[in-house]
Every structure is written in structure tokens, then in C-alpha cells.
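K.L.:
Please see the structure below; I have some questions.
The values are calculated or read from the model by the stated rules, or taken from the named source; none is laboratory data. Keep in mind it's a predicted model, so treat the numbers as computed, not measured. Positions of Cβ are generated from backbone atoms using ideal geometry, with glycine treated the same way; all protein chains shown enter the neighbour counts. Heavy atoms of the whole protein, side chains included, go into the accessibility calculation; ligands, DNA and RNA do not. Shrake-Rupley method; radii C 1.70, N 1.55, O 1.52, S 1.80 Å.
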Amino acid sequence: MKRFWGLTAIVSIVFLLAGCGGKDDFSIFIIDNQGNPSVISEQLQANLQQKLGEEPKVEVITSAMYDVQKIMVEYAAGGHDIFILPESDMKQYGSNGSNIPLDDTFDPKKFERGVFEGGVLVEKGEGDGGSDIKQESHLYGIPLEDMKMFKDVEYAASNLFATIPVSSSNVEESKKVLKALTE
């Protein structure tokens with residue numbers, strides 16, 4: 001009987017470790033203060049998956065109801081690679097250093113509405129320890145009204161912006177997906 005429970009424990013650990021192999025999924029979170037994005041989530045997910053191919057596996061998560069606390073919880077949890085949210089919320093989180101600058105991937109002149117003064121993490125000098133947030137003007141968000149894939153699903157709301165949080169599991173892949181949404 002001891003042998004059975006020992007074997008069961010080993011098999012359970014193997015299954016547990018197999019499930020912890022890293023995050024292969026790509027998550028986009030959408031919340032809107034002027035509409036319900038859940039009406040386009042399935043179509044957007046299918047269109048994006050078709051454009052990207054099999055990898056990464058894209059999941060579009062929407063909030064049917066706008067709630068400031070919901071945005072805070074989603075940012076704090078760090079489980080999403082792209083956030084699509086109202087301009088004021090994007091700028092608020094961006095000022096605190098929560099969003100990645102996009103200047104190296106997108107033309108700031110083309111997406112001027114997404115350029116603003118936001119926080120960028122800067123490493124302190126040796127001996128000072130940690131990092132600081134420095135305010136710099138960069139392209140932090142892409143307006144949905146300028147994104148082809150949102151036009152295709154008829155949800156190119158002028159109040160919404162796509163941004164990449166600093167907690168994204170893969171910033172380069174997030175930029176690639178953001179580019180796919182735009183082109």
C-alpha cells in the first residue's frame with residue numbers, strides 16, 4: 001500500500017510540473033468605459049489567431065462592465081501581455097511607469113495621440129540600489145481607431161488605446177502582436 005501512495009505522489013508531481021512549464025498563451029485584456037467589448041472578443045481572437053498562425057495561442061479577455069478597480073487588479077496581477085483601455089486610464093498607469101515605450105516599433109508621428117509624458121524605469125547608480133521612475137515623452141499607446149483589425153470587427157473606438165504593460169511575459173512578442181493588430 002505504501003508503494004501505491006508513493007507512486008501516486010510521484011505521478012502527481014510529474015503532472016504538476018508538466019503544467020508549470022511556462023506561459024505559452026498570449027493574453028489581451030480589453031475594458032471600455034463607453035461600450036461592451038465582449039461582443040467582439042471571439043471574432044477578434046479568431047482573426048488575430050489566423051493572422052499570427054498557431055503560436056502564440058491568443059486569448060482575448062474582456063470586461064463587460066467598466067470598473068477602475070478591475071483595471072488596477074488586472075495590472076497588479078500581471079497576467080496580460082496587452083491592455084486595451086480608455087485613454088485616461090492608460091495615461092494614469094503610464095505616468096507611474098506601468099507601460100512600455102513603443103517608439104522602437106511604431107512611428108510616434110503616425111500615432112501622435114499615444115505620445116505622452118510617462119514613467120520609464122531607470123536603474124540607479126551602483127551603490128544606490130534599485131531603480132527610479134523618470135518621466136519621459138514616448139509613444140506608449142496605439143489608438144484603436146488607427147488599428148486595422150479593430151476596424152475590421154467594427155470596434156475602433158476613439159477613446160481606447162492598446163498598450164503593453166511592463167509585466168508582459170514577452171515584450172518583443174507583445175510588440176509583434178500589436179503590429180499584427182495594426183496592419
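K.L.:
Out of Val122, Val68, Val58, report the one residue that is open to solvent by 20 Å² or more (accessible area, probe 1.4 Å) and more than 15 Å from Asn33 (Cα to Cα).
P.N.:
Val122
K.L.:
Specify which of the listed residues (Phe150, Phe111, Phe161) is within 15 Å of the chain's Cα centre (by Cα) and either over 21 Å from Asp25 (Cβ atoms) or among the hydrophobic types (A, V, I, L, M, F, W, C) (or both).
P.N.:
Within the list Phe150, Phe111, Phe161, the selection yields Phe161.
K.L.:
Assuming Leu160 fulfils every condition listed in (1) at pLDDT below 95; (2) within 17 Å of Gly35 (Cβ to Cβ) apart from one, which condition is it?
P.N.:
That leaves (1) as the condition not met.
K.L.:
Can you give me the number of residues within the range 90-104 that are in a helix (DSSP H, G or I) and crowded, with 21+ Cβ neighbours inside 10 Å?
P.N.:
Total satisfying the criteria: 3.
K.L.:
What residue, of Ser174, Ser137, Ser167, is part of a loop (DSSP other than H, G, I, E, B) and at pLDDT 90 or above?
P.N.:
Ser167
K.L.:
Which of the residues that make up the range 146-183 are free of Cβ contacts under 8 Å to residues at least 40 places away in the same chain and in contact with a strand residue (DSSP E or B) (Cβ under 9 Å, 6 or more places away or on another chain)?
P.N.:
Hits for the range 146-183 are Met147, Ala156, Ser158.
K.L.:
For the range 75-84, indicate whether the set of residues that are more than 16 Å from Ser174 (Cα to Cα), open to solvent by less than 40 Å² (accessible area, probe 1.4 Å) and in contact with a strand residue (DSSP E or B) (Cβ under 6 Å, 6 or more places away or on another chain) is non-empty.
P.N.:
Within the range 75-84, not a single residue is more than 16 Å from Ser174 (Cα to Cα), open to solvent by less than 40 Å² (accessible area, probe 1.4 Å) and in contact with a strand residue (DSSP E or B) (Cβ under 6 Å, 6 or more places away or on another chain).
K.L.:
Taking the stated definitions as given, is Tyr155 surrounded by 20 or more Cβ atoms within 10 Å (Cβ to Cβ) and part of a loop (DSSP other than H, G, I, E, B)?
P.N.:
Yes; evaluated as a whole, the condition is true for this residue.
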